[in-house]
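Structure, as structure tokens:
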Amino acid sequence: MVRKLAAVVGGLVLLLASACMKEKPEETSLKKTIKVMFSSESDFNQKYGQYFAAEYPNIEIEVIPMGLVTSEQKWQLIQQQKPDVFFTYMNEFEFLVKNNALVSLEPFLKENSFDLGSLHPGLISALRERGGGQLFALPLTFNSIALIYNKQLFDRYKLEYPRDGMTWTEVMSLAKKFPTDGPEESRVYGLSVGSSYSDNLVELIRYIGQTKGLAYWNAEGDQVTLNTEAWRRIYFEAVELFRSGAIKRTQLSAGVQSANENEFAKGNTAMTLDSYYSVATGLLQASGRAPDQQIKWGIAASPVSDKDGETGIYFASDELTVISAESAQTKEAWAFVQYVNSEEYARIKNQLLPIPPLLARTGSMREFDGNQLDKFAQFKPNSLNYVASDPLKNAFYNVFEKIASGKLDEVLAGKLTVEEAVEQLQVLGQEELMKVRSAAAEKK
């Protein structure tokens, strides 16, 4: 097995070394060194370093290992270590642009006739918008939420498979068509939502709100905006779905989701609204434990925005490549950025992982388990996803989720009506927002 893997890697390197790339800069005999910040040197070399070295032998890379860090810690490392290139994601990107931490890629794109046409247009548009009209990053991959369904359960109960473009009402109505009786260990659920370590009732409410363009706060970020008819209707519909028994309640808990905790991966759930990588990982782990009980599954596009019919629950790039404004080697830094975002490297990236990545170069995506992955690429980014780009709002949501979870428990127990719960969440949420704003002001 090791020999086979070595042969595959060697073959990929040879393939890359022989590829002719339009964007490749003029080579010289003088070696240059660029600094790239990544989680670890070994991970970087496995994913990028060895392939880039085969294509650009005159550019050496010094890896700055950062480990697992928060966005604030990462920003400190960027200022201290001054990498030429680093990887970021949508939740950090706007902060980096506002702090003039990035080099505009526009001159490099024009000079090298870099092909943006095969990159997801929604991602490029979102990055330009957040870059004030300029492109400061190129997206390697993205993550998205779709409606994934268990074909065997739909066949068993003689129900039609989910289709693209269903409304939230249709999804919830379909979930209620599955039986809700039987012992807990073997009964079927119509729907699951989000990860098993969050409160999925809170998640469902947030998902519906996002596609309807609703936020928990106003544009200024100083006023909670929950006590409205639109939010009350969403809370009521979500609570009714849980009361019907069509969905299993999961509470807030620490830890990492595993296939053992994933109802869909266990085959107990007809549909799930979750991110691609979460579901794919669960399915892969489950098939490894019980290869003779693999789930036959399909994909439908998730419910989309009422306003434009294009904005999904979640769609964002968690792997953006950028050049630091502190870089003195921008030509060499661009060589790395354009290489890892090329068609050639996309073909290689497709073969590196057991779970095919959702590539920003969507035409290069391969199927997974017999399913085409293009359903995950049918959306455009939703600005309401980027809570963490504002530390204040992120801090608020982390606390508010726990408060909302407690109030929803009281609703399900019959201690509060939905109207009373929303009114109380408006007051408690506003109090918490003021605390968070006050704490942020004291830090300045």
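The values are calculated or read from the model by the stated rules, or taken from the named source; none is laboratory data. In this text the structure is predicted, and so the values were computed from the model without any measurement. When we count neighbours, we look across all protein chains shown, and the Cβ atoms used for this are built from the backbone with ideal geometry, even at glycine.
Screening GLU129 against (1) acidic (Asp, Glu); (2) outside any helix (DSSP H, G or I); (3) closer than 29 Å to GLU343 by Cα leaves a single unmet condition, (2).
Restricting the first member to segment 77-93 and to residues that are surrounded by fewer than 19 Cβ atoms within 10 Å (Cβ to Cβ), and the second to residues that are among the basic types (Lys, Arg), the beta-carbon pairs closer than 9 Å and six or more apart or on different chains are GLN81/LYS35; LYS82/LYS35.
Restricted to segment 1-74, the set of helices (runs of 4 or more DSSP H) holding at least 1 residues that are modelled with pLDDT under 50 comprises 2-18. Only residues that are of a type outside the set (Gly, Ala, Ser), assigned to a loop (DSSP other than H, G, I, E, B) and in contact (Cβ under 8 Å) with a residue 12 or more places away in the chain were counted in segment 347-368, giving 7. In segment 200-225, of all residues being more than 22 Å from ILE247 (Cβ to Cβ) and of a type in the set (A, V, I, L, M), the one that is modelled with the highest pLDDT corresponds to VAL224.
Restricting attention to segment 266-283 and to residues that are at pLDDT 90 or above and of a type in the set (S, T, N, Q), the residue that is nearest to TRP168 (Cα to Cα) turns out to be THR272. For segment 75-90, filtering for residues that are assigned to a helix (DSSP H, G or I) and over 18 Å from the mean Cα position of the chain (by Cα) leaves 7. Comparison of LEU123, LEU147 shows that the only residue that is touching a residue at least 40 places away in the same chain (Cβ under 8 Å), surrounded by 16 or more Cβ atoms within 10 Å (Cβ to Cβ) and in a helix (DSSP H, G or I) is LEU123. With respect to the stated conditions, ALA286 fails to be crowded, with 17+ Cβ neighbours inside 10 Å, outside any strand (DSSP E or B), among the aliphatic types (A, V, I, L, M) and at pLDDT 95 or above. For ASP115, the conditions (1) acidic (Asp, Glu); (2) under 22 Å from LYS349 (Cβ atoms); (3) without any contact (Cβ under 8 Å) to a residue 60 or more places away in the chain; (4) not in a helix (DSSP H, G or I) are fulfilled apart from (3). All conditions but one from (1) of a type outside the set (Asp, Glu); (2) surrounded by 13 or more Cβ atoms within 10 Å (Cβ to Cβ); (3) not assigned by TED's automatic domain parsing to the domain that holds VAL340 apply to SER186; the one that does not is (2). Within the option set GLU229, GLU220, GLU203, being assigned by TED's automatic domain parsing to the domain that holds THR272, closer than 28 Å to ASN398 by Cα and crowded, with 19+ Cβ neighbours inside 10 Å holds for one residue only, GLU203.
Confirm whether LEU127 is over 30 Å from ARG232 (Cβ atoms) and in contact with a Lys or Arg (Cβ under 7 Å, 6 or more places away or on another chain). For LEU127, the condition - over 30 Å from ARG232 (Cβ atoms) and in contact with a Lys or Arg (Cβ under 7 Å, 6 or more places away or on another chain) - is not met.
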